[in-house]
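> Have a look at the structure that comes next, please.
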Amino acid sequence: MKSRNACAVFLAMALSWIGKPAVASVTEAVFDPVEYVNPLIGTQSTFQLSTGNTYPAIARPWGMNFWMPQTGKMGDGWAYVYTENKIRGFKQTHQPSPWINDYGQFAIMPVVGAPAFDQDKRASWFSHKSEVAKPYYYKVYLAEHDVVTEITPTERAAMFRFTFPQSDSSYVVIDALDKGSYVKILPNENKIIGYTTKNSGGVPANFKNYFVITFDKPFTYEYTFADGALKNDKEQKSNHVGAVIGFKTKKGEVVHAKVASSFISFDQADLNLKELGGNSFDAVAAEGKAEWNKVLSKIEVEGGTLDQYRTFYSCMYRSLLFPRKFHEIDAAGKVMHYSPYNGEVLPGYMYTDTGFWDTFRCLFPFLNMMFPSVNKEMQEGLINTYKESGFFPEWASPGHRGCMVGNNSASILVDAYMKGVKVDDLETLYSGLIHGTENVHPKVSSTGRLGHEYYNKLGYVPYDVKINENAARTLEYAYNDWCIYKLAKDLKRPKKEVDLYAKRAMNYKNLYDKETKLMRGKNADGKFMAPFSPLKWGDAFTEGNSWHYTWSVFHDPQGLIDLMGGKKDFVQMLDSVFAVPPVFDDSYYGGVIHEIREMQIMNMGNYAHGNQPIQHMIYMYNYAGEPWKAQYWLREVMNRMYTCNPDGYCGDEDNGQTSAWYVFSALGFYPVCPGTDEYVMGAPLFKKATITFENGNKMVINAPENNAKTRYIESMTLNGKNYTKNYLKHADLQNGGEINIRMSETPNKQRGIQTSDFPYSFSVNEKK
């Protein structure tokens, strides 16, 4: 089988890279998907233009700590950029995006010749030709120091392997960075401890990331530094401190460093160090490789090109990083966490580093579908967040952050509940959701609902009351209210309560302008704002324009169709998104933001796949009886806007959302409306995909005629029965079986055209 043979080649290469003999031959059927993953995808990004805004995250799935090579200066959100040519250190990172930046970071760097601790002086030239980046392993040659550095992580620990030259002056720098740090050398234990408080917000006053580092070679040089000065002291505490330890090395001598950290204490960091056990570097790397293969192999795709395999599994890898664990296991084996909300150490799960405005759309539905037990922990963590802060998060890193709009925690929690991922404390879940509809966080205005007073009274957030991005808020609040309605109904809440949220779910209609057939900001007096430019980014909308946000009626596309005058007019408006030139009005921002530029350069009209508001839009052709148009445009997006190269994304990757879009779309379906039990059809990219669910069932999707020219579904069967619907049910997938799809070069305009074939719409499926 082509895919498995290719994987076997990668396995042999990977094992040789980490110093083990190649044990796989190309004739063995070894399914080794992690070797398709390229962690460098998306790293060729800048402030002005994002091709992902990612960094090579060397980590375990959802691991508490990631590791990365650092090319950027201390504190720079663009910490690794592919076009740079010097490495300043190897950083433990928790950064979800350059826009949010990092917290609790510190760096390790080997140097030779002089104990250079300054980030510029210690920096070394490197080449991507001498760089190996895998999810579980990183290796690079530092030319200035003639040192090979290798890293392999666990969830909360990591092991470094340094290969030094012959030198009397070999050193390792530990940089605890600025904004308040501490370090202490314990030479009798070949150990360094310290903490960093460096962060970019979202932390209590007592926040610290405690780290411990042990070496397998005694120190012959032991200095610390503080605020730019090297000192002959074992301990330092100041704004910016670190340590430099050194030793004599022979040519090719290998020195190992074991490192772990904790947000709780030094003692807990020591416990976390035990994740490495007594394992060798190669054993830890093999364990990491096996863990990644375990999760990636839940979906096996076949019958594609090598680049398609690389893109698919790289996107799947990105979908399994965030939100990351923020909890730890104490000496008694109990799950504990330092609360980034109140500063206390408390029992229970905690996950963080995700923005729900992005990830409610398909990242969390992907976890519900494929990894419900993991998402159960995440959901319990959200309950803990509410108990510790009084609000569910909307953007967390590690605590509440002021970013984006909406109250999409409702979507995250309700979609999980409706798909059987239920928290233990449903009463707190429901009361927390209601609380969020009537309050806004006193310090973080993007948490809760800014403008709830207007929204709950008028049915929209007005344009002229000095609340930015008001139309976007209204549209998302309406969908969020539909989510609450679904939960209230299932929990058999009082009819008056259920009806209230059903009514508010229709508030999207209040912003529909029948003259332009678009959503438009509205003033408090009930009149639409004027003048109105459908191409104006921002203002009433969030990182998009009216052409992008008009489709944000996830729960009631038929209601939107009715507003637009019927299916024909609706489809014409969808077509127009691609037909309108990529012109824009950037006056709200006072310049071209990167999201605008990413739309402009893609040659797809005003379709802006590089940002989230429009990513579901193509699937909406299914609601109007023209599914073949969705099939056409989805293949265009997959072919043109995703690659397996450093410039592989068409905008910010955003914590797995843009990646999960590709994973879903390549399988042939997508969760347009989280909270329903439906996935809206596209068309598969591969000839075959085998999905193994947590319940042990498998769904096999066969499309044997699939190739570069066949992008349309001619016919389809589900478990042997003809299937014409434009959606798949969650239960049908989870029950397993076989989907057989006949692909064609020409669209079948008679399939999926009946009203009974259309996906869920609130105003149709649940008429009052």
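The values are calculated or read from the model by the stated rules, or taken from the named source; none is laboratory data. Quick caveat, the model's predicted, so the values are computed rather than measured. Heads up, the Cβs are rebuilt from the backbone with ideal geometry, glycines too, and the neighbour counts pull from every protein chain shown. The area values use the complete protein model at the heavy-atom level, side chains included, leaving out ligands, DNA and RNA. Shrake-Rupley method; radii C 1.70, N 1.55, O 1.52, S 1.80 Å.
> Please go through region 52-73 and pick out each residue that is among the aromatic types (F, W, Y) and over 24 Å from N375 (Cβ atoms).
Applying the first criterion (among the aromatic types (F, W, Y)) to region 52-73 yields 55, 62, 66-67.
If the condition is that a residue be among the aromatic types (F, W, Y) and over 24 Å from N375 (Cβ atoms), then Y55, W67 are the ones that fit.
> Okay, moving on. Just one of (1) more than 21 Å from Y454 (Cβ to Cβ); (2) free of Cβ contacts under 8 Å to residues at least 40 places away in the same chain; (3) surrounded by 15 or more Cβ atoms within 10 Å (Cβ to Cβ) trips up P531, so point out which.
For P531, the exception is condition (3).
> Among (1) open to solvent by 50 Å² or more (accessible area, probe 1.4 Å); (2) over 20 Å from F90 (Cα atoms); (3) not basic (K, R), there is one condition Q268 misses while meeting the rest; what is its number?
Every listed condition holds for Q268 apart from (1).
> Additional query: If you check T643, T658, which single one turns out to be surrounded by fewer than 24 Cβ atoms within 10 Å (Cβ to Cβ) and hydroxyl-bearing (S, T, Y)? Step through it out loud before you land on a result.
Values: T658 fails: surrounded by fewer than 24 Cβ atoms within 10 Å (Cβ to Cβ).
Within the list T643, T658, the selection yields T643.
> Inspect all residues belonging to region 274-283 and state whether any of them is closer than 30 Å to F664 by Cα, free of Cβ contacts under 8 Å to residues at least 60 places away in the same chain and of a type outside the set (A, V, I, L, M, F, W, C). Write out each step before concluding.
Residues of region 274-283 closer than 30 Å to F664 by Cα: none.
No, because not a single residue in region 274-283 is closer than 30 Å to F664 by Cα, free of Cβ contacts under 8 Å to residues at least 60 places away in the same chain and of a type outside the set (A, V, I, L, M, F, W, C).
> Another question about this same structure. Read through the list (1) open to solvent by less than 40 Å² (accessible area, probe 1.4 Å); (2) touching a Leu at 6+ places or on another chain (Cβ under 9 Å), then give the number of the only condition that H128 fails.
Unmet condition: (1).
> OK, next. When the residues of region 266-287 are filtered to those that are small (G, A, S) and in contact with a strand residue (DSSP E or B) (Cβ under 6 Å, 6 or more places away or on another chain), which remaining residue is farthest from F225 (Cα to Cα)?
Initially, region 266-287 is screened for residues small (G, A, S), giving 269, 277-278, 280, 283, 285-286.
The next check asks that each one be in contact with a strand residue (DSSP E or B) (Cβ under 6 Å, 6 or more places away or on another chain); those that pass are 269, 285.
Values: A269: 23, A285: 32 Å.
So, considering only residues that are small (G, A, S) and in contact with a strand residue (DSSP E or B) (Cβ under 6 Å, 6 or more places away or on another chain), the one farthest from F225 (Cα to Cα) is A285.
> Among the numbered conditions (1) buried (at least 17 other Cβ atoms within 10 Å of the Cβ); (2) in a loop (DSSP other than H, G, I, E, B), tell me where Y485 comes up short.
That leaves (2) as the condition not met.
> Going residue by residue through region 116-124, is there one that turns out to be under 25 Å from A286 (Cβ atoms) and touching an Asp or Glu at 6+ places or on another chain (Cβ under 7 Å)? Outline the logic, then answer.
Of region 116-124, the ones under 25 Å from A286 (Cβ atoms) are none.
No, that holds for no residue.
> Restricting the search to region 522-544, which residues are over 22 Å from Y607 (Cβ atoms) and assigned to a loop (DSSP other than H, G, I, E, B)? It would help to see each step written out before you state the result.
Pass one, region 522-544, residues over 22 Å from Y607 (Cβ atoms): 522-531.
Listed by number, the residues that qualify are N523, A524, D525, G526, K527, M529, A530, P531.
> Among the residues of region 709-754, what is the count of those that are more than 22 Å from W633 (Cα to Cα) and without any contact (Cβ under 8 Å) to a residue 12 or more places away in the chain?
Residues flagged as more than 22 Å from W633 (Cα to Cα) and without any contact (Cβ under 8 Å) to a residue 12 or more places away in the chain within region 709-754 amount to 2.
> For region 76-104, which residues satisfy the criterion of being among the aliphatic types (A, V, I, L, M) and not in a loop (DSSP other than H, G, I, E, B)?
To start, the set of residues in region 76-104 that are among the aliphatic types (A, V, I, L, M) comprises 79, 81, 87, 100.
Selection gives I87 alone.
> While we're on this one: Tally up the residues in region 436-460 that are under 21 Å from G526 (Cα atoms) and open to solvent by 10 Å² or more (accessible area, probe 1.4 Å), please.
Number of matching residues: 8.
Condition check ((1) of a type in the set (A, V, I, L, M, F, W, C); (2) surrounded by 24 or more Cβ atoms within 10 Å (Cβ to Cβ); (3) under 18 Å from P135 (Cβ atoms)) across all residues:
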position	(1), (2), (3)
F31	yes, no, yes
Y36	no, yes, yes
I41	yes, yes, yes
L49	yes, no, no
A59	yes, yes, yes
M64	yes, yes, yes
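Let's see how each residue does on (1) in contact (Cβ under 8 Å) with a residue 60 or more places away in the chain; (2) β-branched (V, I, T):
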position	(1), (2)
T643	yes, yes
P646	yes, no
Y649	yes, no
G668	yes, no
A683	yes, no
N695	no, no
N707	no, no
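> Would you point out which residue out of F263, F247, F281 is closer than 27 Å to P165 by Cα, open to solvent by less than 20 Å² (accessible area, probe 1.4 Å), touching a His at 6+ places or on another chain (Cβ under 8 Å) and not hydroxyl-bearing (S, T, Y)?
F281
> Please state which of the following conditions F554 fails to meet, knowing it meets all the rest: (1) touching a strand residue (DSSP E or B) at 6+ places or on another chain (Cβ under 8 Å); (2) at pLDDT below 95.
Here F554 clears every test but (2).
> If we keep just the residues of region 132-179 that are small (G, A, S) and closer than 30 Å to Y317 by Cβ, which is surrounded by the most Cβ atoms within 10 Å (Cβ to Cβ)?
A158
> Where in region 185-236 are the strands (runs of 3 or more DSSP E), entirely inside, with at least 1 residues that are open to solvent by 60 Å² or more (accessible area, probe 1.4 Å) and either farther than 18 Å from P115 by Cα or modelled with pLDDT of 95 or more (or both)?
Where strands (runs of 3 or more DSSP E) fall fully within region 185-236 and carry at least 1 residues being open to solvent by 60 Å² or more (accessible area, probe 1.4 Å) and either farther than 18 Å from P115 by Cα or modelled with pLDDT of 95 or more (or both), they are 221-226, 229-231.
> Ok, one more. Any idea which of (1) part of a loop (DSSP other than H, G, I, E, B); (2) touching a helix residue (DSSP H, G or I) at 6+ places or on another chain (Cβ under 8 Å); (3) more than 23 Å from A540 (Cα to Cα) is the one E497 doesn't satisfy?
Here E497 meets the rest and fails (1).
> Inspect region 108-118 for any residue being assigned to a loop (DSSP other than H, G, I, E, B), closer than 16 Å to A176 by Cα, of a type in the set (A, V, I, L, M) and open to solvent by 10 Å² or more (accessible area, probe 1.4 Å) and give the result as yes or no.
Among the residues of region 108-118, at least one is assigned to a loop (DSSP other than H, G, I, E, B), closer than 16 Å to A176 by Cα, of a type in the set (A, V, I, L, M) and open to solvent by 10 Å² or more (accessible area, probe 1.4 Å), which makes the answer yes.
> Restricting attention to region 78-87, which residues are farther than 20 Å from V37 by Cα and open to solvent by less than 10 Å² (accessible area, probe 1.4 Å)?
Across region 78-87, the qualifying residues are A79, I87.
> Tell me which residues, restricted to region 625-640, are in contact (Cβ under 8 Å) with a residue 40 or more places away in the chain, among the hydrophobic types (A, V, I, L, M, F, W, C) and either open to solvent by less than 10 Å² (accessible area, probe 1.4 Å) or under 26 Å from S50 (Cβ atoms) (or both).
Selection gives A630, W633, L634, M638.
> How many residues, within region 28-86, are over 21 Å from C644 (Cβ atoms), small (G, A, S) and touching an Asp or Glu at 6+ places or on another chain (Cβ under 9 Å)?
Summing the residues that are over 21 Å from C644 (Cβ atoms), small (G, A, S) and touching an Asp or Glu at 6+ places or on another chain (Cβ under 9 Å) in region 28-86 gives 5.
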